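Novice: Handing you this structure, nothing more for now.
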Amino acid sequence: MRIITPVLAGFLCVQSFGLPIQRAEAFIQNNREPQTDDLRNSDLFLQQATHVSTKPTREQKLRVEALLARMTLEEKIGQMTNLVIDTITTGKDQDIRVDPAKLEKAILKYGVGSFQNVHSQALPAEKWREIIGQIQETSQKTRLGIPNIYGIDSIHGANYVRGSTLFPQEIGMAATWNPALMQRAAEIAAAETRAAGIPWSFSPVLDVGRQPLWPRLWETFGEDTYLTQVMGVAFVRGLEGDDLSSPTHVAACLKHYVGYSFPLSGRDRTPAWIPENYLREYFLPSFTAAVRAGAHTIMVNSAEVNGVPGHINRYLLTDVLRGELGFQGFVVTDYEDVKKLVSQWHVAADEKEATRLAVMAGIDMNMTPHDFSFNENLLSLVKEGKVPMSRIDEAVRRILRVKFELGLFEKAMPDAALVSKIGTDQSRQVALEAARESMTLLKNTKNLLPLSKDSKVLVTGPTANSLLSLNNGWTYVWQGNNADLYPRDRPTILQAIEAKVGKSVTFVPGTTLDREINIDEAARAASNADVAVVCLGEGAYTETPGNLTDLTLSEAQLKLAAAIEATGKPVVLVLVEGRPRVINRIVDAAGAILMAYNPGNEGGSAVADVLFGDYNPGGRLPFTYPRTPNGLITYDHKLFETEATGSGNAAFAPQFEFGHGLSYTTFNYSNLRLDRKQVPINGQVNLSVTVTNSGQRGGKEVVLLYVRERVASLSPAGKRVKRFAKIYLDPGQSRELAFTLRRDDLSFIGTDNKPTVEAGDFDVMVGNLTDSFSLQAGQKQIPSGMQKRPRK
């Protein structure tokens with residue numbers, strides 16, 4: 001048995017990517033852990049990664065202040081302006097090119113200091129470098145030669161750079177429960193983005209996905225606050241590294257601060273109603289952790305919370321973000337949202353007033369993004385005394401500091417040789433491992449999976465032969481729906497299965513996403529097959545175009561699955577979807593169900609590897625999978641919410657629980673031990689548990705540690721994740737894992753909106769084991785080795 005010490009307790013993930021690449025590849029290909037003691041854990045990861053100094057150095061301060069003192073008001077406002085690429089280009093698609101006259105107007109006349117986005121679709125790195133190189137050259141022609149900062153949405157890789165490495169979307173990365181893998185994926189995304197000349201990424205999304213209807217759920221790390229904290233910090237550290245000026249790193253942009261992901265209706269950019277203590281309990285911690293991890297920029301919630309649009313919420317943007325969290329970087333609006341304060345939220349009579357409200361609330365840079373109205377309005381507001389020069393200087397100081405830290409003043413464009421590092425075989429291997437680790441086996445009756453490669457297989461369903469479904473939005477175009485831009489050398493699920501079993505595969509589409517094609521033909525083909533793989537789910541979408549009024553999977557797809565199941569042949573459902581679509585009508589008759597999420601361009605191979613046993617699945621659901629359209633509830637609900645009562649409240653259960661995920665092997669938990677039963681209120685408790693691979697195959701297990709407070713002044717959650725670990729075990733191998741819980745882990749946000757710790761009894765749950773301890777008021781901590789052990 002191998003014992004993991006308390007110092008390394010919590011999340012155990014092999015940092016294989018610090019090894020030589022050959023060794024890392026061996027790990028990926030063999031689904032095994034390299035022999036190394038370099039292990040990571042969720043607690044230690046946060047402790048180390050969230051103590052990054054964000055204060056500018058004395059030299060940085062001097063450089064910024066010297067430059068700021070030389071700037072005119074117009075030049076300062078130009079630095080606060082962000083325009084879309086359309087304003088300086090002509091042409092379209094791959095023929096886009098800079099219009100010199102437009103570019104000179106934007107930079108030489110208005111001093112615009114930032115541009116963003118794509119015109120319509122992803123471009124090759126060489127084309128990006130051509131465009132951004134011209135932007136930087138023109139910026140050098142200005143009086144002070146201040147470089148431009150270009151930003152783009154690198155959401156699951158450098159997804160607007162042709163030929164780049166694409167990873168699972170955030171919801172899939174969350175299912176890996178592997179922050180080291182998330183950090184490595186972000187490092188690759190950063191390097192490939194920066195190689196194209198782009199130093200700023202509008203990622204990660206740190207909204208917590210507690211509303212499954214929301215069309216951006218797949219852009220989140222799921223419904224749990226702690227998991228989002230850990231994975232979000234990993235994303236930030238991967239993007240920014242230890243040296244932001246490095247040619248392989250970019251500035252992160254945390255979005256969308258804060259509460260954006262919890263609209264009451266589930267529809268994008270609609271009102272959220274969140275009590276402040278709930279906001280602080282569930283939605284603020286991920287941003288707090290990422291700020292402490294050194295993130296340099298933040299994008300604002302593009303909707304409203306409690307009736308106040310995010311862009312004029314001074315309390316959240318200034319009092320909380322600056323005053324409490326200590327954020328040092330700059331805040332940027334979302335797309336066109338100052339204008340929408342007039343046209344959509346109706347909180348300002350005109351754009352000039354909207355500009356004043358936003359800037360005074362704490363906005364530093366505005367995505368105008370199509371014209372120069374912001375420049376003109378803000379100039380007038382300052383001259384009229386409605387916006388003080390001190391607020392302008394404050395915003396510009398923050399922007400200049402980030403540009404200095406990015407090294408843009410010394411070298412605005414990275415070496416062209418870095419382009420050759422985009423989309424390498426090594427990077428694709430990391431993406432494949434991420435896709436494999438995300439695969440979550442939800443059901444496997446009578447060990448239907450893995451399938452024999454000698455089987456006659458029917459493949460059917462609308463997501464079987466679609467790279468669009470494997471990737472979803474933010475892939476080559478905003479909605480991810482241009483099939484012509486996808487690579488031809490990445491297999492769909494169908495093509496990957498064909499590569500496994502050859503001519504023993506029959507494909508009948510059955511349906512589109514929402515329309516029947518040939519269900520009867522698919523059913524007849526199933527009758528002649530040994531097994532049917534039915535690929536269901538969603539197409540590509542994001543933001544408002546993805547709005548739904550019902551989470552139920554389309555009737556056409558449900559009818560297809562039911563028809564195949566009616567043949568009596570074994571059925572494997574593969575769900576390729578960004579949010580949990582309701583499938584209760586077809587669950588019981590399915591022999592196996594595999595949740596694939598949106599695994600990226602390597603996802604077809606990952607699905608086939610799991611189906612045919614070349615990879616042992618180990619993903620876990622990062623959200624609660626609902627059984628019915630109105631059965632939307634998170635795992636950390638109050639216990640009474642799901643219990644049957646004498647007054648007619650029926651018992652409730654989701655289709656699949658948060659944290660659920662099966663393997664081709666089995667794991668047993670034993671020997672849950674706490675080092676003390678009575679814990680001082682300011683003390684800590686150390687605990688350990690043994691995990692054993694009791695099956696016949698090596699595999700990875702996600703160990704989740706939940707804590708429940710039995711009684712509290714605010715009704716407590718049934719359980720909350722406080723630590724997790726991911727370990728690899730050979731058959732028969734055991735490991736003892738050690739965890740430490742501290743005061744902060746036992747607190748909640750009280751009605752005064754402050755962390756509260758109360759004496760009382762707490763339950764600790766790991767696997768099928770439970771133990772408890774009491775938090776005692778007024779006691780001092782006694783070293784665990786000095787405590788008297790109770791007699792047995």
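The values are calculated or read from the model by the stated rules, or taken from the named source; none is laboratory data. Remember, predicted model here, so these are calculated numbers, not experimental data. FYI the Cβ positions are ideal-geometry reconstructions off the backbone, even for glycines, and counts take in every protein chain you see. Just the protein is used for accessible areas: all its heavy atoms, side chains included, with ligands, DNA and RNA removed. Shrake-Rupley method; radii C 1.70, N 1.55, O 1.52, S 1.80 Å.
Novice: Translational diffusion coefficient of region 681-743 at 25 °C, 0.890 mPa s, Stokes-Einstein with Kirkwood Rh over Cα pairs, in µm²/s as a whole number.
Specialist: Values: Rh = 13.7 Å.
My calculation gives 179 µm²/s for D.
Novice: Any chance you could count the Lys pairs in region 263-417 whose alpha carbons are under 18 Å apart, treating pairs 8 or more apart or on different chains as valid?
Specialist: Values: 339/352; 340/352; 352/383; 352/386; 403/411.
Within region 263-417, the lysine pair count is 5.
Novice: Mind ordering 142-149, 754-761 by average Cβ neighbours within 10 Å, highest first? Walk me through the intermediate numbers first.
Specialist: Working: 142-149: 18.4, 754-761: 14.9.
So the order, starting with the most tightly packed, is 142-149, 754-761.
Novice: Right, next: Hey, if you put +1 on the Cβ of every Lys and Arg and -1 on every Asp and Glu Cβ in region 594-717, which of 658, 685, 621 ends up farthest toward the positive end of that dipole?
Specialist: Of the candidates, 685 comes out farthest on the positive side.
Novice: Kirkwood Rh, Cα Rg: Rg to Rh for region 134-271? Working shown, then result.
Specialist: Numbers: Rg = 16.2 Å, Rh = 15.7 Å.
Here Rg/Rh amounts to 1.03.
Novice: On to the next question. Which of 544, 374, 387 sits farthest toward the positive end of the charge dipole of the chain, with +1 on the Cβ of Lys and Arg and -1 on the Cβ of Asp and Glu?
Specialist: It is 387, whose Cα lies furthest towards the positive end.
Novice: For residue 748, what charge total do you get from the other residues with a beta carbon under 14 Å from its beta carbon, if Lys and Arg give +1 and Asp and Glu give -1? Show your work: numbers first, answer last.
Specialist: Details: positive: 280, 638, 708, 710, 719, 720, 722, 743, 754; negative: 276, 281, 636, 709, 744, 745, 752, 758.
Net charge around residue 748: +1.
Novice: State whether region 225-309 is rounded, prolate or oblate according to the following rule on the C-alpha gyration tensor (a ≥ b ≥ c being the square roots of its eigenvalues): a/c under 1.5 gives rounded; otherwise a/b larger than b/c gives prolate, and the remaining case gives oblate.
Specialist: prolate
Novice: Would you mind giving the three semi-axes, in whole Å and largest first, of the ellipsoid equivalent to region 400-488 according to its Cα gyration tensor? Display every interim value, and only then the final one.
Specialist: Working: eigenvalues 323, 60, 43 Å².
For region 400-488, the semi-axes come out at 40, 17, 15 Å.
Novice: log₁₀ I(q)/I(0) of region 73-156 at q = 0.23 Å⁻¹, via Debye over equal Cα point scatterers, no solvent, to two decimals?
Specialist: Taking Cα atoms of region 73-156 as identical point scatterers yields -1.11.
Novice: Let me ask you something else. Can you list the lysines whose alpha carbon sits under 20 Å from that of residue 726, skipping same-chain ones fewer than 8 residues off?
Specialist: In chain and number order, the partners are 700.
Novice: At a 1.4 Å probe radius, carbon and sulfur cover how many percent of the accessible area of the chain?
Specialist: On the way: 13900 of 28470 Å².
Ligands and nucleic acids excluded, carbon and sulfur reach 49 percent.
Novice: Next question, about the same structure. Starting from the Kirkwood radius over alpha-carbon pairs of region 668-787, derive D by Stokes-Einstein at 4 °C in a medium of 1.567 mPa s and give it in µm² s⁻¹. Write down the numbers at each step before the final one.
Specialist: Numbers: Rh = 15.5 Å.
Answer, rounded: 84 µm²/s.
Novice: Output the Cα-based Rg and Dmax of the chain in Å, rounding Rg to one decimal and Dmax to a whole number.
Specialist: 26.5, 85
Novice: Identify the trypsin sites (Lys or Arg not before Pro) of region 332-422 meeting these criteria: DSSP loop state and at most 14 other C-beta atoms within 10 Å of the C-beta. Show your work: numbers first, answer last.
Specialist: Details: sites: 339, 340, 352, 356, 383, 386, 391, 397, 398, 401, 403, 411, 421; in loops: 386, 411.
Those that pass, being in a loop and sparsely packed, are 411.
Novice: Same structure, new question: Please state the relative contact order of region 134-194 as a whole percent: Cα pairs under 8 Å, 6+ residues apart? Write down the numbers at each step before the final one.
Specialist: On the way: 48 pairs, mean separation 17.5, N = 61.
Contact order relative to length: 29 percent.
Novice: In debye to the nearest 20, how big a dipole does the chain give about its Cα centre with +1 on each Lys and Arg Cβ and -1 on each Asp and Glu Cβ? Spell out each step's value before the answer.
Specialist: Details: 86 positive and 87 negative charges, 360 e Å.
Value, rounded to 20: 1720 debye.
Novice: Ok, one more. Can you compute the charge dipole magnitude of region 558-613 about its Cα centre, using +1 on each Lys and Arg Cβ and -1 on each Asp and Glu Cβ, nothing else charged? Give it in debye, rounded to the nearest 20.
Specialist: Details: 5 positive and 5 negative charges, 52 e Å.
Charge dipole, region 558-613, about its Cα centre: 260 debye, nearest 20.
Novice: Taking the solvent-accessible surface of protein heavy atoms with a 1.4 Å probe, what is the per residue accessible area of the chain in Å²? It would help to have the intermediate numbers written out before the result.
Specialist: Working: 28470 Å² over 792 residues.
Result: 36 Å² per residue.
Novice: For region 598-677, which GluC sites (Glu not before Pro) are both in a DSSP coil and crowded by at most 16 other Cβ atoms within 10 Å?
Specialist: On the way: sites: 602, 641, 643, 657; in loops: 602, 643, 657.
Here the GluC sites (Glu not before Pro) that fit, given the DSSP loop and packing criteria, are 643, 657.
Novice: Let me ask something additional. For the chain, what does the helix formula give at 222 nm: sum of -39500 (n - 2.57) over DSSP H segments with n ≥ 4, over the residue count, nearest 500 deg cm²/dmol?
Specialist: Details: 21 runs with 214 residues, N = 792.
The helix-only estimate for the chain comes to -8000 deg cm²/dmol at 222 nm.
Novice: Considering only DSSP beta bridges with both partners in the chain, what is the antiparallel share in %, to the nearest 5?
Specialist: Details: 52 of 97 bridges.
Of all bridge pairs located within the chain, approximately 55 percent are antiparallel.
Novice: Please pull out the direction-averaged projected area of region 350-441, using the convex hull of its alpha-carbon atoms, in nm² to one decimal place.
Specialist: Working: hull surface 44.5 nm².
So the mean shadow area of the Cα hull is 11.1 nm².
Novice: Under the Kirkwood approximation for Rh and a Cα-based Rg, what ratio Rg/Rh is obtained for region 52-110? All intermediate terms of the calculation are to be shown ahead of the outcome.
Specialist: Working: Rg = 16.6 Å, Rh = 14.2 Å.
Result for region 52-110 is an Rg/Rh of 1.17.
Novice: Hey, what's the Cα Rg ratio for region 213-270 versus the globular rule of thumb, 2.2 N^0.38 Å?
Specialist: Working: Rg = 14.0 Å, N = 58, 2.2 N^0.38 = 10.3 Å.
Expressed relative to 2.2 N^0.38 Å, the Cα Rg reads 1.36.
Novice: Net charge within 13 Å of residue 351 by Cβ-Cβ distance, Lys/Arg positive one each and Asp/Glu negative one each, not counting residue 351 itself? Walk me through the numbers on the way to the answer.
Specialist: Numbers: positive: 339, 340, 352, 356; negative: 336, 337, 350, 353, 371, 376.
That sum, taken over residues with Cβ under 13 Å, equals -2.
Novice: Grab every C-alpha pair in region 290-382, bin the distances at 10 angstrom width from 0 up to the longest one, and report whole percents.
Specialist: For region 290-382, the pair-distance distribution reads 17, 51, 27, 5.
Novice: Hey, got the Cα dimensions of region 43-185 along the principal axes, in Å, largest first?
Specialist: 49, 45, 20
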